[in-house]
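**Q** Please find one structure pasted underneath; my questions will follow.
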Amino acid sequence: MMQEQDYESELSDIKHKLSDIHNDIRSFIESANHQHLDSVVTALKDNYSGTIVRHLMEDVGRGLEKNMVKNCEMRGECKNLLSNVLQNNAGLIKHGSVTEASIEENRLELKKLRTMVPYDKCDICFAEASDILSGQVTLMRSMKIYETNKGKRQDISKLPSQVVVDDILDPLCHQKRFDILKAISGETKSFSALSGLTGLRGGNLLFHLQKLADKGMIIQRHERGDYMITAKGFKVMEAVNSIYTDLIPVDDS
């Protein structure tokens, strides 16, 4: 019994010491010079950029190997071409500052390659490559080495009304289609799973899926395969989420 009390006393002392350490660290962080912290972050980015690039290049190989169409005679050739573009894009991190033009050049190269391959199923492979590239860009933004339109205001008057309405707003304006996009933003879904989610059957569900596919928001991996969101669809949903978060007050209760 005495031994158990000793253990409890020692454990209590350890908890108090850990709490003191935590408070000291928090106090240091809060009082640290911001400029010094920025220099530390910059040094870390320089030191670990090579490691990050290697990780991204390995991720390119894994992503393409896992998600490209398996039964295709052009798989090996396309995988090499896509890998080259994505690895070149990942390598931009080593430069310390990435321009919008360099990212756009790689995006255009992917589009150019897509025009050179003949099959509808090629959309699956190129959607995967586009998703990987978007992930790389997201990482670059988080490292604060890539920013678009820095210091510029968007000229709303130049938005192409018809294009925005037809290609972005119209596909989202039906709740069932919005539910579909939400559902596949995190994982692929089968037709039957989406039917259970939306309560739609057969032709009714197919109508909404086709509407989203026609506008480039989703694709089907292969005939009778799962549905997945495209880079465009995911970007649109991220934008909607950002707008909703900014406009709807947070309930702290």
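**Q** From the list S242, S161, S190, S157, pick out the single residue that is within 22 Å of D120 (Cβ to Cβ) and either touching a Gly at 6+ places or on another chain (Cβ under 7 Å) or of a type in the set (S, T, N, Q) (or both). Explain how you work it out, then say what you get.
**A** Values: S242 fails: within 22 Å of D120 (Cβ to Cβ); S161 fails: within 22 Å of D120 (Cβ to Cβ); S157 fails: within 22 Å of D120 (Cβ to Cβ).
Among S242, S161, S190, S157, only S190 is within 22 Å of D120 (Cβ to Cβ) and either touching a Gly at 6+ places or on another chain (Cβ under 7 Å) or of a type in the set (S, T, N, Q) (or both).
**Q** Name the residue that is surrounded by the fewest Cβ atoms within 10 Å (Cβ to Cβ), counting only residues in the range 66-123 that are small (G, A, S) and over 22 Å from Q220 (Cα atoms).
**A** Just the residues of the range 66-123 that are small (G, A, S), to begin with: 76, 83, 90-91, 96-97, 101-102.
Of the ones still in play, those that are also over 22 Å from Q220 (Cα atoms) are 83, 90-91, 96-97, 101-102.
Numbers: S83: 18, A90: 24, G91: 13, G96: 12, S97: 12, A101: 7, S102: 14.
Ranking the qualifying residues of the range 66-123, first place goes to A101.
**Q** Any idea which of I124, I93, I132 is modelled with pLDDT under 90 and either under 21 Å from L56 (Cα atoms) or assigned to a loop (DSSP other than H, G, I, E, B) (or both)?
**A** Working: I124 fails: modelled with pLDDT under 90; I132 fails: modelled with pLDDT under 90.
None of the other options fit; the residue is I93.
**Q** Would you check if G61 is modelled with pLDDT under 90, in contact with a helix residue (DSSP H, G or I) (Cβ under 8 Å, 6 or more places away or on another chain) and farther than 24 Å from E187 by Cα?
**A** So G61 fails the test.
Residue-wise test of (1) surrounded by fewer than 17 Cβ atoms within 10 Å (Cβ to Cβ); (2) more than 18 Å from the chain's Cα centre (by Cα); (3) of a type in the set (A, V, I, L, M, F, W, C).
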position: D170; (1), (2), (3): yes, yes, no
position: I184; (1), (2), (3): no, no, yes
position: L194; (1), (2), (3): no, yes, yes
position: L197; (1), (2), (3): yes, yes, yes
position: N204; (1), (2), (3): yes, yes, no
position: K215; (1), (2), (3): no, yes, no
position: I229; (1), (2), (3): no, no, yes
position: S242; (1), (2), (3): yes, no, no
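**Q** Let me ask you something else. So Y146 clears everything in (1) at pLDDT 90 or above; (2) hydroxyl-bearing (S, T, Y); (3) closer than 30 Å to I93 by Cα except one condition, right? Which one?
**A** Answer for Y146: the failing condition is (1).
**Q** Return the only residue of S27, S49 being modelled with pLDDT under 60 and of a type in the set (S, T, Y). Step through it out loud before you land on a result.
**A** On the way: S49 fails: modelled with pLDDT under 60.
Only one candidate passes the filter, namely S27.
**Q** Among (1) within 22 Å of S130 (Cα to Cα); (2) surrounded by 11 or more Cβ atoms within 10 Å (Cβ to Cβ); (3) charged (D, E, K, R), there is one condition K176 misses while meeting the rest; what is its number?
**A** (1)
**Q** Considering only residues that are touching a Leu at 6+ places or on another chain (Cβ under 9 Å), at pLDDT 85 or above and part of a helix (DSSP H, G or I), look in the range 214-253 and name the one that is nearest to T138 (Cα to Cα).
**A** Taking the candidates together, the pick is F234.
The values are calculated or read from the model by the stated rules, or taken from the named source; none is laboratory data. Quantities reported herein were computed from a predicted structural model and do not represent experimental measurements. Cβ atoms come from the backbone with ideal geometry, glycine included; neighbour counts cover every protein chain shown.
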